[in-house]
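The values are calculated or read from the model by the stated rules, or taken from the named source; none is laboratory data. Being a predicted model, the structure only gives us computed values, none of them experimental. Because the Cβ atoms are built from the backbone with ideal geometry, glycine has one as well, and the counts that use them run over all protein chains shown. Ligands, DNA and RNA are stripped out before the accessible areas are found, and what is left, the full protein with its side chains, is counted by its heavy atoms. Shrake-Rupley method; radii C 1.70, N 1.55, O 1.52, S 1.80 Å.
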Amino acid sequence: LSGLADVVASEPSMQAVLADVAQPEVEVIGPDGIRPHLVKGLVDAGRTVLVTTATVREAEDLIDSLADVIDPELLAFFPAWETLPHERLSPRSDTVGRRLAVLRRLVHGPLRVVVAPVRSVLQPQVKGLADLVPVELRVGEEHDLDDVVRRLADAAYQRVDLVEKRGEFAVRGGIIDVFPPTGE
């Protein structure tokens with residue numbers, strides 16, 4: 001559908017909207033069907049775009065539509081926490097991991113479009129989260145066991161006897177079992 005997006009972008013009223021990209025913020029109100037084409041036009045003009053939606057479902061649908069006109073590697077869904085600020089509960093580790101991954105990609109990686117439900121945008125962020133260095137281990141590399149354990153603990157992984165949930169790790173002899181927060 002990227003060819004259709006180019007045709008829509010050449011329409012005079014769309015050209016007028018896209019001419020406003022020199023402004024620091026652009027607010028456009030229109031039908032839902034125009035969103036993917038407008039976002040593509042902004043990305044093609046060199047902008048990084050935050051699209052805020054009313055609901056999670058609307059954000060997920062928009063991500064699916066955008067994947068038809070923009071390289072999916074340039075898109076990300078920024079999830080909201082499942083908990084409210086006044087609740088004494090922590091958000092799920094996979095949600096925390098997905099949010100951190102989006103923030104890191106936004107600062108350090110190829111990310112041009114973030115789609116977020118309004119609730120996720122309103123939730124507070126700690127400064128510097130995007131600069132947290134992930135613990136990366138690759139097949140064939142050798143690492144000091146104590147160093148890896150320390151790095152996992154510093155990255156807020158929970159040390160347990162038996163790994164069962166995301167964000168946990170266990171040490172058994174010289175073996176470390178790890179369940180990444182964003183892993184299946």
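For segment 161-184, a residue qualifies if it is over 28 Å from the mean Cα position of the chain (by Cα) and open to solvent by less than 50 Å² (accessible area, probe 1.4 Å), and exactly one does: VAL171.
Within segment 116-160, the set of residues being without any contact (Cβ under 8 Å) to a residue 12 or more places away in the chain, open to solvent by 60 Å² or more (accessible area, probe 1.4 Å) and part of a helix (DSSP H, G or I) comprises LEU122, ASP146, ARG150, ASP154. Do we have any residue at all in segment 43-57 that's in contact with a helix residue (DSSP H, G or I) (Cβ under 8 Å, 6 or more places away or on another chain), open to solvent by less than 50 Å² (accessible area, probe 1.4 Å) and over 19 Å from VAL118 (Cα atoms)? The answer is yes, given that some residue of segment 43-57 is in contact with a helix residue (DSSP H, G or I) (Cβ under 8 Å, 6 or more places away or on another chain), open to solvent by less than 50 Å² (accessible area, probe 1.4 Å) and over 19 Å from VAL118 (Cα atoms). Kindly indicate whether any position in segment 150-173 is at pLDDT below 85 and among the β-branched types (Val, Ile, Thr). No, that holds for no residue.
One line per residue, one yes/no per condition, for (1) touching a residue at least 24 places away in the same chain (Cβ under 8 Å); (2) more than 18 Å from the chain's Cα centre (by Cα):
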| site | (1), (2) |
| --- | --- |
| PRO12 | no, yes |
| LEU18 | yes, yes |
| GLU25 | no, yes |
| VAL51 | yes, no |
| THR55 | yes, no |
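For ILE29, the conditions (1) surrounded by fewer than 10 Cβ atoms within 10 Å (Cβ to Cβ); (2) assigned to a helix (DSSP H, G or I); (3) among the hydrophobic types (A, V, I, L, M, F, W, C) are fulfilled apart from (2). Within segment 63-106, work out how many residues are charged (D, E, K, R) and either at pLDDT 85 or above or assigned to a helix (DSSP H, G or I) (or both). Number satisfying all stated conditions: 9. Consider segment 1-16 and keep the residues that are farther than 10 Å from HIS37 by Cα and at pLDDT 75 or above. The one that is surrounded by the fewest Cβ atoms within 10 Å (Cβ to Cβ) is PRO12.
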